Amino acid sequence: MHAVGRAAEQRLTVGVIGGGALPEQWELPYDRIDLETDFGVPSAPVAATAVAGGTTVYSILRHGERHGAGGEVDYRANVAALAELGCDVVVSLSLAGALTERFDVGDVVVYDDVLDFRRTSQSFFVGAGVHWSMAPLVSPPLERQLRPIAADLGIPFGGTMVVIEGPRYSTRAESRMFARLGGELICQTVAPECFLVRERQMDWCGICLVTDRDTLDDEAPVSTELIYRNMEQHKTGYAAAVLRVVERLEAYERDEDAGRATVPREILDHYGP
């Protein structure tokens, strides 16, 4: 066991990957950090800022400063950069559609699981014979903090995010299928990001802003215009909610190598390539 945050009395170092410039939305001073990882250059320079209580937050614009397409995101470079900066926890931010009546437009949700329907993926362990458990996706010690924080802030906790390839939106049949499979939210960006974070031995959680009801609302099916109109209406409250969650996180103990399993060499040699 080790103390996330380097000592029990210290605050966490938190990474945030999202679509908006958080320090500017929080109206906090920040420094820009340019760096290159073994997996390339992150989507944008890292913004380093300090929030209440001494927590350091490193944030990256997932789609870059010009908002490139989701398929162009180098998720490994982004996650590797946050790992090199010493982040203990990474928070994935996104806009999302709701697939259940449990959530409504304007809700900020701290969700804890993912259904990955993307057709492509990335890993730090390609060809390395390493498998990594993703259940639970949010570590129990982090969850024990997030639940009361969310309850205190009046934010729903828990939910399953469906991640689709994009850039297209779902068909009606797909939306119904995702909902029947247990999907409650839907977006195009947080996978493979969440899995890469866990591979690099950082904890992860997701916080989203609900902007639509995907295709399940016949009168207002998902569209880019609808998403951005609702985002503009609720983005200030969303940024404030993210800040309040991050400020309240405290250092905690967890098993650094939990879930990691390297396939024994004798098995690899026996089965060959």
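May I ask you to list pairs of residues, at least six apart or on different chains, whose Cβ atoms are under 8 Å apart, with the first in segment 73-91 being without any contact (Cβ under 8 Å) to a residue 40 or more places away in the chain and the second being aromatic (Phe, Trp, Tyr)? Listed by first residue and then by second, the contacts come to 74/39. One residue stands out among those in segment 112-160 that are touching a Gly at 6+ places or on another chain (Cβ under 6 Å) and hydrophobic (A, V, I, L, M, F, W, C): the one that is modelled with the highest pLDDT, which is 115. Specify the residue that is farthest from residue 190 (Cα to Cα); the eligible residues are those in segment 27-60 that are among the aromatic types (Phe, Trp, Tyr) and surrounded by 18 or more Cβ atoms within 10 Å (Cβ to Cβ). Step by step, filter segment 27-60, then rank; the result is 30. Selection of helices (runs of 4 or more DSSP H) fully inside segment 177-273 by the criterion of at least 3 residues being within 27 Å of residue 79 (Cβ to Cβ) and at pLDDT 95 or above returns 193-199, 224-248. Note on segment 142-176: residues that are touching an Asp or Glu at 6+ places or on another chain (Cβ under 6 Å) and assigned to a helix (DSSP H, G or I) total 2.
Residue-level check: of (1) in contact with a Lys or Arg (Cβ under 7 Å, 6 or more places away or on another chain); (2) part of a loop (DSSP other than H, G, I, E, B); (3) not acidic (Asp, Glu), residue 127 misses just (1).
Screening segment 158-189 for residues that are β-branched (Val, Ile, Thr) and within 12 Å of residue 111 (Cα to Cα) and picking the one that is surrounded by the fewest Cβ atoms within 10 Å (Cβ to Cβ) gives 160.
The values are calculated or read from the model by the stated rules, or taken from the named source; none is laboratory data. Bear in mind the structure is a predicted one, so any value in this text is a computation, not a measurement. Cβ atoms come from the backbone with ideal geometry, glycine included; neighbour counts cover every protein chain shown.
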